[in-house]
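Worksheet: one structure, shown below.
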Amino acid sequence: MAAPLSEAALDQLFREARTTQWFDGRPVSEAQMEAIWELAKFGPTSMNMLPARIVWCHSAEAKERLAGHAMQGNKDKIRAAPVCAILAMDTDFHLQMPMLFPVSDVQPMFAGDDKAAHRHTQAFRNSSLQGGYFIMAARALGLDCGPMSGFDNAAVDADFLADTPSWKSNFICSVGYGDRSKVHARLPRPDFTLFNRVL
């Protein structure tokens with residue numbers, strides 16, 4: 001049985017971690033990006049479908065292109081981040097299922113035009129889960145994250161994902177070392193009794 005994490009680890013992952021919009025200028029390497037994926041990929045998804053696909057906007061040119069599709073309040077946040085990841089989902093994830101779920105032939109459950117809506121639901125739900133794992137992985141590696149919506153999904157898809165038309169953007173997440181001097185006060189986090197029921 002696994003032992004609980006230390007209080008320091010829980011602070012790093014949850015209690016003291018903050019959504020970060022501004023960073024201190026230190027770079028994020030490609031090795032760090034790969035390390036985030038190598039942790040995040042172990043988070044559970046339905047039938048191990050792993051529908052998330054990530055496009056890392058690392059260069060100034062890529063971040064400028066991405067900023068061009070964002071709402072005004074997000075443009076400078078994207079430009080200033082060491083790297084911004086487009087967390088996308090593959091609506092044709094089922095094509096990878098023979099590799100990802102070799103214990104059973106589940107591909108027919110998702111194949112065909114009549115299953116497109118079902119695939120989209122599964123891809124969105126499970127890629128969103130993977131987005132959460134992505135953030136936790138980055139935090140575990142000592143990095144901070146700034147997940148955001150507030151962008152034109154169709155424009156991002158056309159600009160960055162046109163060569164893989166089954167990939168659709170879900171959300172954006174900036175990654176780096178946060179500038180804690182610019183972090184806003186933490187917003188409310190209710191206690192257990194308000195948002196939970198035990199039956």
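Computed from the coordinates by the stated procedures, all read-outs in this text should not be read as laboratory data. The shown structure was predicted, so the numbers you read here are calculated from the model rather than taken from an experiment. Don't worry about glycine lacking a Cβ; one is built from the backbone with ideal geometry, like all the others, and counts go over all protein chains shown.
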Options (1) 0.99; (2) 1.07; (3) 0.94 for Rg/Rh (Cα atoms, Kirkwood Rh); the value derived from the coordinates is listed as (1)
Footprinting proxy, ILE135, ILE172: sorted fewest to most Cβ within 10 Å, the residues are ILE135, ILE172
Any helix of the chain counts here only if DSSP assigns it H throughout, its Cα atoms span 27 Å or more along the axis, and its mean Kyte-Doolittle hydropathy is at least -1.0, and such helices are 116-140
Other residues with Cβ under 12 Å from the Cβ of LEU10 give, with Lys and Arg +1 and Asp and Glu -1, a net charge of -1
For LYS77, counting only aspartates and glutamates whose alpha-carbon sits under 13 Å away and dropping same-chain residues fewer than eight positions off, the answer is ASP24, GLU64, ASP179
Karplus ³J(HN,Hα) for segment 183-191 (6.51 cos²θ - 1.76 cosθ + 1.60, θ = phi - 60°; Hz, whole; x = Gly/Pro) runs 7, 6, 4, 5, 7, x, 10, x, 7
Computed over the chain, the relative contact order (Cα-Cα under 8 Å, seq sep at least six) in percent reads 33 percent
Karplus ³J(HN,Hα) for segment 83-97 (6.51 cos²θ - 1.76 cosθ + 1.60, θ = phi - 60°; Hz, whole; x = Gly/Pro) runs 7, 10, 9, 8, 8, 10, 10, 9, 6, 10, 4, 5, 5, 8, 4
The chain, Gaussian network, Cα under 10 Å: of GLN12, GLN72, GLN130, the residue fluctuating most is GLN72
Over 31 Å (Cα to Cα) among LYS41/LYS63; LYS41/LYS115; LYS75/LYS115 -> LYS75/LYS115
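Under a Cβ-only charge scheme (Lys and Arg +1, Asp and Glu -1), can you give me the dipole magnitude of segment 146-195 about the Cα centre, in debye to the nearest 20? Don't skip to the answer; put the middle values down first.
Numbers: 5 positive and 6 negative charges, 80 e Å.
Computed charge dipole of segment 146-195: roughly 380 debye.
If neighbour count is taken as other Cβ atoms inside 10 Å, put THR193, THR19, THR91 in order from fewest to most. Intermediate values should be presented prior to the final figure.
On the way: THR193 8, THR19 17, THR91 21.
So the ranking, lowest neighbour count to highest, is THR193, THR19, THR91.
By counting other Cβ atoms within 10 Å of each Cβ, how are LYS168, LYS75, LYS115, LYS182 ranked from fewest to most?
On the way: LYS168 21, LYS75 18, LYS115 14, LYS182 11.
Fewest-to-most Cβ neighbours within 10 Å comes out as LYS182, LYS115, LYS75, LYS168.
In terms of the Cα gyration tensor, with a ≥ b ≥ c the square roots of its eigenvalues, is segment 7-87 rounded because a/c is under 1.5, prolate because a/b exceeds b/c, or oblate? Can you show the working numbers first?
On the way: a/c = 1.84, a/b = 1.29, b/c = 1.42.
Since a/c reaches 1.5 but b/c is at least a/b, the shape of segment 7-87 is classed as oblate.
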Once the dipole of segment 17-176 is set up from charges on Cβ (+1 Lys and Arg, -1 Asp and Glu), the residue from the list PHE93, PRO82, LEU50 lying farthest towards its positive end is PRO82
